[in-house]
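Novice: So that we are looking at the same thing, I have put the structure below in structure tokens.
What follows is calculated from the coordinates using simple rules that are stated; it is not laboratory data. As the structure is a prediction and not an experimental result, all values here were calculated from the model. Glycine also receives a Cβ, built like all others from the backbone with ideal geometry; neighbour counts cover every protein chain displayed.
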Amino acid sequence: MDPHRGDESANHPAPTIWPVGFAVGIACIFVGLILGTAVLVVGAVVTAIFGFLWVRDVTSGLRAAPTPAEPAAPPIPAHLPEAGEDEVIRYPRSKFLEAVTLGLGGVIGGVVTVPVLGFTVLPPFIKQGHPDIDVGALDDFPENKFVITTFLLDPKQGEVSRRTAYIRNNGLLDGKPSFTILSNRCVHLGCPVQVNGLPLENQKKTETRNGLEVDRIPTAAAAGFGCPCHGGQYDQEGNRIAGPPVRALDRYDFMIDNGRLLLRKTYSVAKVDGEGADARIHKYPLAGPGQHIDGPEAWLYPLQPPR
Ligand code: FES
């Protein structure tokens, strides 16, 4: 050991668990972004606490009590003498460099990471829904027939936001209008599902209301729905009956306002028992194409971003 170098370990920070806790907190934040707000908050709290303790520990040397005021320093000679061994070191260089490195690393990491996280993680949490879509008066939907209804979710986005819903008026249930409103997005890989029946193009109606154009095409008796991509087949309730789709067709929530039918959010359906107004819908939050939402297979999709 070089006697002139002294004991370097005296300037090294003692091992602490704060970085470990900080890393655990960050991991919790990422998991919370997927699983839910509670985990996210716990991660943020753990990160803040351990981060604070870590920084406090690292900068403890810099915050040491200042030495008493000394008389004015003599003029600096042209050639500085080498520091003597008995000179007081007030701020160890290693502590200073460590703090500067951590600080600069944090700033650079923040500058690089925050925008990326903002663009990749925030969108699912920002309200991306759409206003209720007025698709027509109740009379525009004859009972027990599907009407192919197309509309723009967001006219500002143009055709890219065009959606199709298959709407069937089921008549009244307990005195209230009942509708079956299926999304045409195939739940295998997302291709547009078609009606297995004849669209009555000559009865097509286009209605523009509040700047929103809606096309309605009645169908002759539809024998379910088929997907042109890989042959997926669905019955009249949207249940999968053949091919690779993994569940029933997604549906739209709806409400009636002043005799008008308004489409709301979409949700996913594992299966439907019964038919029409008496159907019992096994309803789940909206899931992606190909995603199982019930049964053991759903365990393979535990971490999904909110939609
Ligand atoms: S996308 Fe519809 S069956 Fe494959």
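Novice: What is the packing order of peptides 112-118, 240-246, 276-282, taking the mean over residues of other C-beta atoms within 10 Å and listing the highest first?
Specialist: Final packing ranking: 240-246, 276-282, 112-118.
Novice: Cα gyration tensor of segment 129-219, axes a ≥ b ≥ c as square roots of the eigenvalues: rounded (a/c below 1.5), prolate (a/b > b/c) or oblate?
Specialist: Note, shape of segment 129-219 comes out rounded.
Novice: Can you tell me which lysines have their Cα less than 19 Å from the Cα of K204? Leave out same-chain residues fewer than eight positions away.
Specialist: Within reach: K145.
Novice: Here is a follow-up. How much length is gained if the chain between T208 and K156 is pulled fully straight, taking 0.36 nm per residue apart and subtracting their Cα-Cα distance, in nm to one decimal?
Specialist: Difference between extended and current length: 17.2 nm.
Novice: I would also like to ask the following. How large, in Å, is segment 149-307 by the Kirkwood hydrodynamic radius built from its alpha-carbon pairs?
Specialist: Result for segment 149-307 stands at 16.6 Å.
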